Amino acid sequence: MKVCVLLLGLALVLTVCVARSPYQAVLQHSRIRGRTHGPNVCAMQQIKGTNKKYFTNCKQWYHRKICGKPTVITYECCPGYERIPGEKGCPAALPLVNIYNTLGVVGATTTQMYSDRAELREGIEGPGSFTFFAPSNQAWEALPTEILDALVSNVNIELLNALQYHMVNRRLTSEELKHGSSFPSMYQDFHVHIHHYTNGIVTVNCARLVKPDQHATNGIVHVVDRVIIAVTNNMQSIIDNNDDLETLSMAFAAAGLTAMLESEGQYTVFAPTNDAFEKIPRETLNRILGDPVALKDLLNYHILNNIQCAESIVSGTPMETLQGTMLEVGCDGDQMTLNGKAIITKKDHLGTNGVIHYISELLIPDSAKTLLELAQDSSVSTVTRLFVEAGLTPHLTGSEALTMIAPLNDAFKGSVTMTPSMKKLMSNHILKEQLSSKSLYHGQELETLGGLKLRVFVYRKNLCIENACIAAHDKVGRYATMFTVDRVLTPPMGNIMDVLKADDRFIMLVNAIQTAGMTELLNQQEPFTFFAPTDEALRALPQDELSRLMRDPQQLSGVLKYHLGKGMVVSGGVSSHTRFQTLQGEKLELAMRNYTVYVNKIPVTDTDLMATNGIVHAVNSVIRPLPPKVDREQSDGPADPLRAAATSRVRKADSRGFRNDELFQKVLNSRSSRTMNQRQ
């Protein structure tokens, strides 16, 4: 039995491996999904409310959506097979007949009728080997009336030429329809252009093959979803000859890109119409048109280095532009979208070297924007307004090499108005050079327009400038860069002692520091992180304990040093389990939960009070050592006898009322004794 299962699995693997093209792979997936309904049954996905059907791949099958629209699963005979009444599935192979009769078998009866009228029947019934890309009945119905009337009124020339353009004088299976290939048609050898996409969709002149590989005695039929027209002009010629693209044509010429669009290639151009250019503020448009670098970036942002027909898109896909950044090319029902917006007005204008989609909005990449334009975003709109109100617009619209530090809107609490101090703060959110966050390093100093030096801190999971940590990818403009950060900067305005003295919450702490003889230490330039107990924290101590501490400078110093350590840890540098070495010798356990920093399970009430020689975090409780952790063996299973005995002693001590503050004193005293012995 196991051997049979292995052989069956191997057979399935080999079958998938034999599916060499993307279309064959998707067809095989559809076969596997439909096999429970009988032999040669394929699962199809049909968009609800339409006649559009697709062979299904894994992603579509599980999402049950195509172009954002829900689908229903139908089960049909795979290409080349038919049902037999009373039998399961599609066990019978379709009888091979000539191409003319095959058109009727596969439901392309309108193409069959027009082949009769154009006197093409004899040719496709007789000897030869042809490929016929046959428009479906719906494809003929979708043709504009004036075009269809012109074809039908001149069947011996126009209709015959149109049908022959759908034919190639050789047999071509889907396997041979390679991506980017082209074949001379039977109409004056004008080529038809094939694109075979990785999602299994195959197109000819951007028309999708909806029923590929319908074999005939004298060739093969591929049913397509639209009537195709001859392609004779390159991309530049199409743009030059279209009045709606006059501004775009002039822009391509100014940027020196016309030669590229005349050359051989495979391009997709999202072509902004004249109206799209008109929607841009005149000052912005003139600036870009007058700047060769920005103009070239702007135009290249509208070009892909491959052909993407509208029918090839079944979901949103990021695609790289010639400018180097990505566009999200997607679809919403019948509409093609860019970056989630349905701005494409005409699709699939095919040229010999690419395809053009007309768009109603101009796409401006970051690399063509000023600093102010980069910041005009909903997530940083508050700080953008403040920059303008602070009179910094000349810096944000000029050609200076700068870096803006832009806090998210959520970083501002309540309404924010412009004051002299706010104006100064805004100037300190702009750095005097253009930087990349990738080039920042720990300890680096950055100079602001306001004349301050800001420090860079690199942590395992965050990169911070003072208290503000990078919250998004850089936005790189024409001359400047924008860093999006999670907080408003609080630049240092004095050392730790200055910060504490300026805050009414730390009156008792300042007195304790002076009593312990630590003033000189906290005035040093070496950076510290201080979890500073507020007056509320100190008043919460038992009165006798507080009095005892204030009378014993050495013991008081030990307590304060348990709250103090070397190095700077801003709140953004705290992860779920961070250990912090104190000057007293023990380690504190830091954690971040629900946007609150905890130190030894005590919440930090106010974080990131920045000083020139460190950082202060306010706590409303004196920090105590955590109780000993339970051995992992005790939670997972029996512990060894020695550990069990030790645990038993700890529990007995707890039962006698061993208090946490006594443990605190023991730890401090042992450390103090050890330090004195080392000095002796």
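Please go through the stretch 93-126 and pick out each residue that is surrounded by fewer than 15 Cβ atoms within 10 Å (Cβ to Cβ) and small (Gly, Ala, Ser).
Once the filter is applied, which keeps residues that are surrounded by fewer than 15 Cβ atoms within 10 Å (Cβ to Cβ) and small (Gly, Ala, Ser), the stretch 93-126 yields Ala93, Gly104, Gly126.
Let me confirm something: among Lys432, Lys501, which residue is within 41 Å of the chain's Cα centre (by Cα), at pLDDT 95 or above and not hydrophobic (A, V, I, L, M, F, W, C)?
Going through Lys432, Lys501 in turn, the sole match is Lys432.
Just to verify a result, which residue in the stretch 170-225, among those that are crowded, with 21+ Cβ neighbours inside 10 Å, assigned to a strand (DSSP E or B) and among the small types (Gly, Ala, Ser), is nearest to the chain's Cα centre (by Cα)?
The residue in question is Ala207.
Just to check your reading of the model, which residue among Gly558, Gly572, Gly567 is under 27 Å from Asp486 (Cβ atoms) and surrounded by 21 or more Cβ atoms within 10 Å (Cβ to Cβ)?
Step by step, each of Gly558, Gly572, Gly567 is checked, and only Gly572 is under 27 Å from Asp486 (Cβ atoms) and surrounded by 21 or more Cβ atoms within 10 Å (Cβ to Cβ).
Filter the stretch 455-473 down to residues that are of a type in the set (D, E, K, R) and open to solvent by less than 40 Å² (accessible area, probe 1.4 Å) and give me whichever is farthest from the chain's Cα centre (by Cα).
Within the stretch 455-473, the match that is farthest from the chain's Cα centre (by Cα) is Arg455.
State the number of residues belonging to the stretch 105-120 that are under 21 Å from Lys211 (Cα atoms) and either part of a strand (DSSP E or B) or at pLDDT 95 or above (or both).
8
Just name the residue that is farthest from Ile228 (Cα to Cα) out of those in the stretch 141-165 that are assigned to a helix (DSSP H, G or I) and polar (S, T, N, Q).
The qualifying residue farthest from Ile228 (Cα to Cα) is Asn156.
Suppose we filter the stretch 229-276 for residues that are within 30 Å of the chain's Cα centre (by Cα) and among the hydroxyl-bearing types (Ser, Thr, Tyr); how many remain?
3
Run Glu320 past the list (1) under 22 Å from Val202 (Cα atoms); (2) of a type in the set (D, E, K, R); (3) open to solvent by 50 Å² or more (accessible area, probe 1.4 Å); (4) over 16 Å from the mean Cα position of the chain (by Cα) and report the number of the one that doesn't hold.
With (1) under 22 Å from Val202 (Cα atoms); (2) of a type in the set (D, E, K, R); (3) open to solvent by 50 Å² or more (accessible area, probe 1.4 Å); (4) over 16 Å from the mean Cα position of the chain (by Cα) applied to Glu320, the lone miss is (4).
Please go through the stretch 3-42 and give me each residue that is part of a helix (DSSP H, G or I), modelled with pLDDT of 80 or more and under 32 Å from the mean Cα position of the chain (by Cα), ordered by number.
Of everything in the stretch 3-42, those that are part of a helix (DSSP H, G or I), modelled with pLDDT of 80 or more and under 32 Å from the mean Cα position of the chain (by Cα) turn out to be Pro22, Tyr23, Gln24, Ala25, Val26, Leu27, Gln28, His29, Ser30, Arg33.
Would you pick out the residues in the stretch 23-73 that are closer than 14 Å to Val314 by Cα, touching a residue at least 60 places away in the same chain (Cβ under 8 Å) and aromatic (Phe, Trp, Tyr)?
Selection gives Tyr54, Phe55.
Can you tell me which of Leu425, Leu463 is closer than 21 Å to Ser379 by Cα and in contact with a helix residue (DSSP H, G or I) (Cβ under 7 Å, 6 or more places away or on another chain)?
Leu463
Give the residue, chosen from Val329, Val355, that is open to solvent by less than 20 Å² (accessible area, probe 1.4 Å) and under 23 Å from Thr56 (Cβ atoms).
Being open to solvent by less than 20 Å² (accessible area, probe 1.4 Å) and under 23 Å from Thr56 (Cβ atoms) holds for just one of Val329, Val355, which is Val329.
Going by what's in this entry, would Leu549 be described as in a loop (DSSP other than H, G, I, E, B), over 46 Å from the mean Cα position of the chain (by Cα) and at pLDDT below 95?
So Leu549 does not fit the description; no.
Looking only at the stretch 517-537, count every residue that is touching a residue at least 12 places away in the same chain (Cβ under 8 Å) and open to solvent by 20 Å² or more (accessible area, probe 1.4 Å) and tell me the total.
Qualifying residue count, the stretch 517-537: 8.
Tell me which residues, restricted to the stretch 396-422, are touching a helix residue (DSSP H, G or I) at 6+ places or on another chain (Cβ under 8 Å), closer than 19 Å to Lys453 by Cα and surrounded by fewer than 19 Cβ atoms within 10 Å (Cβ to Cβ).
Scanning the stretch 396-422 gives a single hit, Met422.
Could you say whether any residue in the stretch 414-428 is at pLDDT 95 or above and either closer than 30 Å to Leu261 by Cα or touching a strand residue (DSSP E or B) at 6+ places or on another chain (Cβ under 9 Å) (or both)?
Checked against the condition, which is being at pLDDT 95 or above and either closer than 30 Å to Leu261 by Cα or touching a strand residue (DSSP E or B) at 6+ places or on another chain (Cβ under 9 Å) (or both), the stretch 414-428 yields at least one hit.
Does the stretch 557-575 include one or more residues that are over 20 Å from Val499 (Cβ atoms) and not in a helix (DSSP H, G or I)?
yes
In the list Leu143, Leu172, Leu177, Leu159, which residue meets the criterion of being touching a residue at least 24 places away in the same chain (Cβ under 8 Å) and touching a Leu at 6+ places or on another chain (Cβ under 6 Å)?
None of the other options fit; the residue is Leu159.
Could you tell me how many of the residues in the stretch 127-149 are more than 46 Å from the chain's Cα centre (by Cα) and either closer than 24 Å to Ile194 by Cβ or surrounded by 14 or more Cβ atoms within 10 Å (Cβ to Cβ) (or both)?
Qualifying residue count, the stretch 127-149: 2.
If you scan the stretch 248-279, which residues turn out to be within 16 Å of Ala294 (Cα to Cα) and assigned to a helix (DSSP H, G or I)?
Answer for the stretch 248-279, where residues must be within 16 Å of Ala294 (Cα to Cα) and assigned to a helix (DSSP H, G or I): Leu248, Met250, Ala251, Phe252, Ala253, Ala254, Ala255, Phe277.
Among Thr71, Thr50, which is the only one that is out of contact with any helix residue (DSSP H, G or I) (no Cβ under 8 Å at 6 or more places or on another chain), open to solvent by less than 70 Å² (accessible area, probe 1.4 Å), at pLDDT 90 or above and not in a helix (DSSP H, G or I)?
Checking each option against the conditions leaves just Thr50.
The values are calculated or read from the model by the stated rules, or taken from the named source; none is laboratory data. On a predicted model such as this, the values are computed, not experimentally measured, just so you know. FYI the Cβ positions are ideal-geometry reconstructions off the backbone, even for glycines, and counts take in every protein chain you see. Only protein heavy atoms, including side chains, enter the accessible area calculation; ligands, DNA and RNA are left aside. Shrake-Rupley method; radii C 1.70, N 1.55, O 1.52, S 1.80 Å.
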